Number of protein chains: 2
Amino acid sequence: MFLRFVIRKTAITIGKRNMSMEAKFEPLFKKIDELKPRFIDRLAKAIEIPAVSSDESLRPAVVKKAHYIADELKKLGFTDIQMKELGTQPPPVNDPNLQLPPVILSRYGTDANKKTILIYGHYDVQPAALEDGWDTDPFKLVIDEQKQLMRGRGVTDDSGPLKGWLNVVEAHRELGFDLPVNLVTCFEGMEESGSVGLDTLIAEEADKYFKDVDTVCISDNYWLGTKKPVLTYGLRGCNYYQVTIEGPGADLHSGIFGGAIAEPMVDLVQVLSSLVDSKGKILIDGVMDMVAPVTEKEKELYEKIDFSLDEMNAASGSETCLYKNKSDILMHRWRFPSLSIHGVEGAFSAQGAKTVIPAKVTGKFSIRTVPDMNSDKLDKLVIEHCQKAFSALGSPNKCKAELIHNGDYWISDPFNASFTAAAQATKTVYGVEPDFTREGGSIPITLTFEKELKTNCMLLPMGRGDDGAHSINEKLDLSNYFGGMKTMAAYLHYYAAAEGK
Amino acid sequence: MFLRFVIRKTAITIGKRNMSMEAKFEPLFKKIDELKPRFIDRLAKAIEIPAVSSDESLRPAVVKKAHYIADELKKLGFTDIQMKELGTQPPPVNDPNLQLPPVILSRYGTDANKKTILIYGHYDVQPAALEDGWDTDPFKLVIDEQKQLMRGRGVTDDSGPLKGWLNVVEAHRELGFDLPVNLVTCFEGMEESGSVGLDTLIAEEADKYFKDVDTVCISDNYWLGTKKPVLTYGLRGCNYYQVTIEGPGADLHSGIFGGAIAEPMVDLVQVLSSLVDSKGKILIDGVMDMVAPVTEKEKELYEKIDFSLDEMNAASGSETCLYKNKSDILMHRWRFPSLSIHGVEGAFSAQGAKTVIPAKVTGKFSIRTVPDMNSDKLDKLVIEHCQKAFSALGSPNKCKAELIHNGDYWISDPFNASFTAAAQATKTVYGVEPDFTREGGSIPITLTFEKELKTNCMLLPMGRGDDGAHSINEKLDLSNYFGGMKTMAAYLHYYAAAEGK
């Protein structure tokens, strides 16, 4: 086995010619197109394994998929393949001995003269079933020839992009081209279930497996719309709170007690109504003061982005957008904080009518955070606000406001070497400058990589905004699969050639 | 069989002596005490049948209990026993052919010179299981000798009171005393599940089986506290509403859309917060204007009632009462309207954190109604208020407020012949004047009887306020079972002797 790798590596070295970088792109892109049947087949085999991380009964399938990928890595000449075990899954679980799926670490190249890129991806998927409304079996890759797209659970999130990196390596090997950078993989199997255990692993491997990493590239998000490629340089954080109001010792009958008892639910709606207004304005004193002001230069960024109110309405399935112009919409999704009220625990929540006075109710809300909000200060402002709003009611009930979890926002420099290389790659492949976008959601692992590896991250999406990542009929357009791979390939070369990281 | 009844009836007639009414009470009460083993056994046999009307799988047990009671009625000389079938149970049901349990109609006496009392009771019970926290098997009557009480599901609600009427008849028969009134029974098996089908039956039988009924006596409520007998002359009504706010086409991710979309849940808490304040004050214009003013005479009624803030706190398991003095507490439970917010359908309601923007949320609330509120006018005020409160938000979402169901309040004349007779009976048995109470809850069947039979109703409770009717360890004190039967017996005689109805 070792011999075989040596031989192959030699073959690659032999195949290394003194071509200019751009000259390599034509044969590379041609090769990627040529290998289409193989690349689709590689993805199809992955899709057939129902690697749903949230379903305990499917854990063996998740592990099986990990081994499928590891075998592919081996065949492609990746070395030092380690299936990192993360131990048993913490509660709540049905099976207390349930093992977490492994994180696949591997290397392609160990040349100290080359830069090293960590590529992150995940091989687990969201649940899916025909009964949910899929047109085809979600765990069978189906090609819609008319629409020129592939359908199946995981095609865009995140098996397509993950396989994309493997395919890029294969295209280089087939051509006898040397890879211009070293790759390190970090492929996890719990992303759809909170990336349990990954933070610890990254911290542990920061000075070991990951010690030479220069930059991190994550392909696990999407274009903003359907036409224009994007590079993503920012994510909002999320501080999730709950406010609990407790009154009687047990739920009471509203006929017998209504009118004479202080009702926790009545207090709760008063407190919740003090948080945000129907225009989306956060009413908690001091929160907006922490938000970085919008600069003129930043304003221009939004104006250039390919997006419209119609796309927003199509995405929400309604005409309930709070803003009419593109810049306002994007800024309120990406660079301003928002406060959402998610629901109430402990109150009547079923269909029909129940004449209960709930004894203890917990309102859930969260704030999406942005630069330069301080998470601790935000917690303090929110909790004090809730206590003050409750005190003003003069209720004999008890109130407790608390943080459930938080994750910081992330913002990168979209003009660093990695982003610049990816922008050049995008221009080369798609013929347009990518839009530089931020996203409203959170990918906490981005921050972990930056913090632990003391490096930067870039989000390089492959799929489109309408891929239906967590929905039914998840798809990936063939043009995005192949365009995405070409962009990845060109990115490696531009990044290798760039000054700095 | 017919012959046997004739002979027995003759025996009763023979036993009829020209005794004064009061003179009969001593032997009657003595006989009731003497028959203690038999009366407890009759109740024990009933408790052993798990007649849970809300559990479809236990429907055969409900029917079995109906037949047990019918057999007892037959043995005691009741005639014209009819098991009235009500057809299949309407949805939602698992078994579309599920038959409703029968209503037991029967007569004791058909003397045109006597008054006729309809006695209402129900033989079905609330669900119960040892696992809920019962100290003993809920479907086995257990006597706590130390506390002198009986425990078991249904002892106080409503098998004890129902059997009480049968026992009263038996005591008369044993003594050879003629019953001073005719009785008509209306014993149903769906009371704990909304009395399905009973309204129709009462309407159908109003001019038939029930045509000679002079008054209706319902023993299906409780003393206010634990020491003083009460007679109940009023109930609040209940108008139950929902307000639905609808926005996006589907639930959205708060990271991706938060800040740019009008959130239905944000609008909903604003609308709900406009309904009532934390002091229990209804904020809907015009509602309080419909409430009958408190008279000085009425005020005195509340002051006399045996009740305290401590009892209120014990009942709610907290110190969250909105009022400190007895009269205020009772008036706000009985004679003022109240508005309770029960919960929200469609929002996140589980434990933990979910970053969802619910697309469609429905707030549930109800108003307990009192004299002289007009139900239709109330609906109009409530719906207009919700629409106005929503309009003020300027939200692009859609809002709909609607009534789900309503039931009128009930108020009777506590000085009519029936109440006066029951008050005399209470004084005779317990040595105290009963408190005249109202209740905050609703018993819709009370109104149906009054309307369809064009007569009056009285609520004559047997058990105490702490019996735990719908809770674990349901109990009935032996003194209440036997005191209650004696009160029932004396009531029949006082009512027979009274002028008017």
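Residues of segment B:418-443 whose accessible area (probe 1.4 Å, heavy atoms of protein chains only) drops by at least 50 Å² once all protein chains are present, relative to their chain alone: there are none. Placing +1 on each Lys and Arg Cβ and -1 on each Asp and Glu Cβ, with no other charges, gives segment A:213-365 a dipole about its Cα centre of roughly 240 debye.
In chain B, helices alone account for a calculated mean residue ellipticity at 222 nm of -11500 deg cm²/dmol, with every DSSP H run of four or more residues adding -39,500 (n - 2.57). Among the residues of segment B:238-254, those with an accessible-area drop of 40 Å² or more from chain alone to full protein complex, heavy atoms and 1.4 Å probe, are B:Tyr240, B:Ser254.
Each Lys or Arg adds one and each Asp or Glu takes one away; over the other residues whose Cβ falls under 14 Å from the Cβ of B:Lys400, this sums to -2.
Centroid-to-centroid, using Cα positions, segment A:109-184 and segment B:299-354 are 60 Å apart. For segment A:236-327, the share of accessible area belonging to carbon and sulfur comes to 51 percent (1.4 Å probe, ligands and nucleic acids excluded). As a fraction of the 1.4 Å probe accessible area of segment B:348-501, surface on carbon and sulfur atoms comes out at 50 percent. State log₁₀ I(q)/I(0) for segment B:282-392 at q = 0.14, 0.16 Å⁻¹ as given by the Debye formula over alpha-carbon point scatterers of equal weight, solvent excluded. These q points yield log10 I(q)/I(0) values of -0.80, -0.94.
Within segment B:323-344, the residues that become at least 40 Å² less accessible when every protein chain is included than when their own chain is isolated (1.4 Å probe; DNA, RNA and ligands ignored) are B:Arg333, B:Ser340, B:Ile341, B:His342, B:Val344. Scanning residues 5 or more positions from A:Phe336 or on other chains, none has an amide H under 5 Å from its amide H, with H placed 1.01 Å from N in the peptide plane. Placing +1 on the Cβ of every Lys and Arg and -1 on the Cβ of every Asp and Glu, with no other charges, gives chain A a dipole of roughly 1220 debye about its Cα centre.
Only Cα sites of the protein assembly as shown enter the Debye sum here, all with the same form factor; the resulting log10 I(q)/I(0) across q = 0.07 1/Å is -0.74, listed in q order.
Shown for A:Lys211: label points 7 Å from Cα along the beta-carbon vector, and their distances to the equivalent points in the other copies, 10.4 nm in ascending order.
For segment B:437-499, the alpha-carbon coordinates run over 39, 27, 17 Å along the three principal axes, in decreasing order. For segment A:244-299, the set of trypsin sites (Lys or Arg not before Pro) satisfying both a DSSP loop assignment and a count of at most 12 other C-beta atoms within 10 Å is given as A:Lys279, A:Lys281. Here each label is just a point 7 Å from Cα along the line to Cβ, and for B:Lys398 and A:Glu26 those points are 5.8 nm apart. Stokes-Einstein diffusion of segment A:233-340 at 37 °C, 0.692 mPa s viscosity, Kirkwood radius from Cα pairs, rounded to a whole number: 188 µm²/s. Each chain gives up part of its surface: A and B jointly bury about 5500 Å² of accessible area, both sides summed, for a 1.4 Å probe. Scaling against 2.2 N^0.38 Å puts the C-alpha radius of gyration of segment B:337-402 at 1.38. Charge tally for B:Phe210 (other residues, Cβ to Cβ under 15 Å; Lys, Arg +1; Asp, Glu -1): -2.
Annotation for B:Ala129, label-to-label distances across the other copies: 2.3 nm (shortest first, one decimal, point 7 Å from Cα along Cα→Cβ). Most tightly packed first, judged by the mean number of other beta-carbon atoms within 10 Å of their residues, the peptides A:34-47, B:161-174 read B:161-174, A:34-47. Accessible surface calculations at 1.4 Å, restricted to protein heavy atoms, place segment B:118-232 at 31 Å² per residue. Put simply, when B:434-441, B:385-392 are sorted by average Cβ atoms within 10 angstrom per residue, most first, you get B:434-441, B:385-392. Shape summary of segment B:114-256, radius of gyration then Dmax from alpha carbon positions: 22.0, 83 Å.
Over segment A:159-289, what relative contact order in percent results from Cα pairs under 8 Å that are six or more residues apart?
Reported as a whole number, the value is 12 percent.
With a cut-off of 8 Å between alpha carbons and a minimum separation of six or more residues, what is the relative contact order of segment A:247-348 in percent?
25
Fraction of C-alpha pairs exceeding 30 angstrom in chain A: 53 percent, rounded to a whole number. B:Ala497 label point (Cα plus 7 Å toward Cβ) to equivalent points in the other copies: 11.6 nm, shortest first.
So what is the accessible area of segment B:393-501 per residue, in Å², with the probe set to 1.4 Å?
Numbers: 4020 Å² over 109 residues.
Roughly 37 Å² per residue, with all protein chains present.
Note on A:Asp289 and B:Asp33: their simple-model spin labels are 7.9 nm apart, each label 7 Å out from Cα toward Cβ.
The tail of the calculated P(r) for segment A:154-199 beyond 18 Å holds 44 percent of all Cα-Cα pairs. Our Cα-only numbers for segment A:412-456 put the radius of gyration and Dmax at 12.6, 36 Å. Here A:Lys30 is the anchor, and the lysines within straight C-alpha reach of less than 23 Å, apart from those fewer than 8 places off in the same chain, are A:Lys9, A:Lys16, A:Lys75, A:Lys147, A:Lys163, A:Lys227, A:Lys228, A:Lys427, A:Lys486. Based on the Cβ-Cβ distance from A:Ala498 to A:Lys208, what FRET efficiency comes out when R0 is 25 Å, to the nearest 0.05? Approximately 0.40, to the nearest 0.05.
Using a Förster radius of 35 Å, what is the FRET efficiency between A:Glu48 and A:Ala314 based on their Cβ-Cβ separation? Nearest 0.05, please.
0.65
Once both labels are positioned 7 Å from their Cα atoms along Cα-to-Cβ, the gap between A:Gln351 and A:Ser57 label points is 2.5 nm.
Relative to the 2.2 N^0.38 Å rule of thumb, segment B:16-119 has a C-alpha radius of gyration ratio of 1.42.
Against the main long axis of the alpha-carbon atoms of chain A, helix A:2-15 sits at an angle near 70°. Between amide H atoms placed 1.01 Å from N, distances below 5 Å from A:Gly343 occur with A:Lys364, B:Phe348, all of them 5 or more places distant or on a separate chain. For chain B, what does the relative contact order come out to in percent, with C-alpha contacts under 8 Å and a separation of six or more? In percent, rounded to a whole number, it is 23. Peptide A:273-281 has a mean shielding of 6, counted as Cβ atoms of other protein chains within 10 Å of each residue's Cβ. When the inverse distances between all different Cα atoms of segment B:117-169 are averaged and flipped, the Kirkwood radius reads 12.3 angstrom.
Rounded to the nearest Hz, the phi-derived 3J(HN,Hα) couplings of segment B:433-445 under the Karplus curve 6.51 cos²θ - 1.76 cosθ + 1.60 (θ = phi - 60°) are 5, x, 6, 8, 10, 10, 10, x, x, 10, 10, x, 5, where x marks glycine and proline.
A simple rule links phi to the HN-Hα coupling: the Karplus curve 6.51 cos²θ - 1.76 cosθ + 1.60 with θ = phi - 60°, which for segment A:377-385 gives 5, 4, 4, 4, 4, 5, 5, 5, 4 Hz, with x for Gly and Pro. Efficiency by 1/(1 + (r/R0)^6): what FRET value for A:Asn113 and A:Asp199, r their Cβ-Cβ distance, R0 = 30 Å, to the nearest 0.05? Rounded to the nearest 0.05, the efficiency is 0.45.
The values are calculated or read from the model by the stated rules, or taken from the named source; none is laboratory data. Being a predicted model, the structure only gives us computed values, none of them experimental. Glycine also receives a Cβ, built like all others from the backbone with ideal geometry; neighbour counts cover every protein chain displayed. Side chains are part of the model used for accessible areas, which takes the heavy atoms of the whole protein and leaves out ligands, DNA and RNA. Shrake-Rupley method; radii C 1.70, N 1.55, O 1.52, S 1.80 Å.
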